[in-house]
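*Asks:* Have a look at this one.
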Amino acid sequence: MASALLPEFFALLGIDLFLMLSLLTCLLDDRMPKALPYIYQMAALAGFGHILVSKNFFTVFGDYMRFWYCFIYLLVSLANIVAVSVYFGVAKKQWTIAKFWSGAVTFPSILISIFFVANYGFLQGMSFPLFLQIALVLSAIIMGTSVAIFLSPEVLRNRSGRKRR
Amino acid sequence: MNLKVLPAKKSMKFLALLLTSLLIASVSAAVYYSLDMTSTITVAANDIYFTLGPDNATASVSIFNDNKSATLGLSAYKNITMTYDDAIRVRNNNTGSSHNVRLRSVSLTGNAANFIYINFTLQTSTKVSLNYTSDGSSWTTPSTTSFVSLSASTEYAIVIETKANATATTGQSATIEIAIDVEL
């Protein structure tokens, strides 16, 4: 029998995403605020505290509550990844880095998160219809490609050129 | 950004962040692993238990311990087969699924010279029985039966047959303890 995924797994995933963000923003510190890597480290540390609280109040908190606060933590980390992508693209106008970030960090992170959330739902006995699975994969592919296309400066230039004409 | 020309200050900063990241990630994973090892055990009601059959008074059946244990007071007559058709039953109270059970001999005391056999048969579709036989000097203890299925929400009688030796002494007794193993 497959061992069930605990809700705290999402917190663990969120911690790893924050740590990855911290290291990547450290490498890109000439383009990012200097304090950002440390803020992400603090966020990861907060996630660790999160898991510790879960461990100590394991029997007090129900599965439902544990799932939601861990899932929200994961969503916050994903939102930060998307925010960095938007920061490069919109605030800094560094399209190449924004495109690279979206393809190499944002898209895989979201895809991995969706995979584990779907897997958790399946192990909890939640019915996950086939059409929904196909729709999920399709939307993930469409999201990935559309993010890459929309952040492509050539496409944007062509669009704005067409509008001017 | 070129990794080859990273300034020393930046390298040190990155190294420090990398070390703290490794520390946080490994400690978090260790705590998650210990969480994964935490088991929650819930007390559940047993699905399989004894119920009284219509002939329970004849066999002086007494059920106790939340219907998980029972005692019977049986008689054996000299050279006559005595059959208790439906003194006690085994019930599968689960409404959705069947359970497998088997009969297992636990202990036997009493003088073998007084008895010919004492037989317990569970009336499932494939009947299984524990047959204690005596050759007049010693008992032959039966081996544990194979597992048989009890359908959901169904009761099965245990038929008991006894026969005492023609030369048995009146008032002598044997005590047999059997167990019903339940496979969940």
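*Asks:* Quick check on my filter: what residues within the stretch B:141-171 are surrounded by 13 or more Cβ atoms within 10 Å (Cβ to Cβ), farther than 22 Å from B:Val61 by Cβ and more than 23 Å from the chain's Cα centre (by Cα)?
*Replies:* Of everything in the stretch B:141-171, those that are surrounded by 13 or more Cβ atoms within 10 Å (Cβ to Cβ), farther than 22 Å from B:Val61 by Cβ and more than 23 Å from the chain's Cα centre (by Cα) turn out to be B:Asn165, B:Ala168.
*Asks:* So, one more: Answer yes or no as to whether B:Asn119 is closer than 24 Å to B:Ser60 by Cα, out of contact with any Pro (no Cβ under 8 Å at 6 or more places or on another chain), surrounded by 15 or more Cβ atoms within 10 Å (Cβ to Cβ) and in contact (Cβ under 8 Å) with a residue 40 or more places away in the chain.
*Replies:* yes
*Asks:* Suppose the filter is at pLDDT 90 or above, within 28 Å of the chain's Cα centre (by Cα) and of a type in the set (Val, Ile, Thr); does B:Val61 pass it?
*Replies:* Here the answer is yes, as B:Val61 does meet what is asked.
*Asks:* Condition first: in contact (Cβ under 8 Å) with a residue 60 or more places away in the chain and within 22 Å of A:Gln41 (Cα to Cα). Now tell me which residues in the stretch A:102-116 satisfy that.
*Replies:* If the condition is that a residue be in contact (Cβ under 8 Å) with a residue 60 or more places away in the chain and within 22 Å of A:Gln41 (Cα to Cα), then A:Val105, A:Ser109, A:Ile112, A:Ser113 are the ones that fit.
*Asks:* Name the residue, out of B:Ala174, B:Ala87, that is small (Gly, Ala, Ser), farther than 30 Å from B:Ala45 by Cα and surrounded by 14 or more Cβ atoms within 10 Å (Cβ to Cβ).
*Replies:* Result: B:Ala174 is the single residue among B:Ala174, B:Ala87 that is small (Gly, Ala, Ser), farther than 30 Å from B:Ala45 by Cα and surrounded by 14 or more Cβ atoms within 10 Å (Cβ to Cβ).
Residues are listed down the side, and each one gets a yes or a no for (1) surrounded by 12 or more Cβ atoms within 10 Å (Cβ to Cβ); (2) farther than 25 Å from B:Asp85 by Cβ; (3) within 14 Å of another protein chain (Cβ to nearest Cβ); (4) touching a Leu at 6+ places or on another chain (Cβ under 7 Å):
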| position | (1), (2), (3), (4) |
| --- | --- |
| B:Asp36 | yes, yes, yes, yes |
| B:Ala45 | no, yes, no, no |
| B:Leu52 | yes, no, no, no |
| B:Val61 | yes, no, no, yes |
| B:Leu74 | yes, no, no, no |
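*Asks:* Failed condition for A:Lys93, given (1) more than 8 Å from the chain's Cα centre (by Cα); (2) surrounded by fewer than 19 Cβ atoms within 10 Å (Cβ to Cβ); (3) not in a loop (DSSP other than H, G, I, E, B), with all others met?
*Replies:* So A:Lys93 meets the others, but not (3).
*Asks:* Another question about this same structure. Can you tell me which residue within the stretch B:1-34, out of those that are polar (S, T, N, Q) and at pLDDT 80 or above, is surrounded by the most Cβ atoms within 10 Å (Cβ to Cβ)?
*Replies:* Checking each candidate, the answer is B:Ser28.
*Asks:* When the residues of the stretch A:1-45 are filtered to those that are outside any helix (DSSP H, G or I), within 10 Å of chain B (Cβ to nearest Cβ) and among the small types (Gly, Ala, Ser), which remaining residue is surrounded by the fewest Cβ atoms within 10 Å (Cβ to Cβ)?
*Replies:* Checked the stretch A:1-45; the qualifying residue surrounded by the fewest Cβ atoms within 10 Å (Cβ to Cβ) is A:Ser3.
*Asks:* Since A:Lys34 meets every condition but one in (1) within 22 Å of B:Lys10 (Cβ to Cβ); (2) touching a Gly at 6+ places or on another chain (Cβ under 9 Å), which condition does it not meet?
*Replies:* Here A:Lys34 clears every test but (2).
The values are calculated or read from the model by the stated rules, or taken from the named source; none is laboratory data. Worth saying up front: this structure is predicted, and the values here are computed from it rather than measured. Don't worry about glycine lacking a Cβ; one is built from the backbone with ideal geometry, like all the others, and counts go over all protein chains shown.
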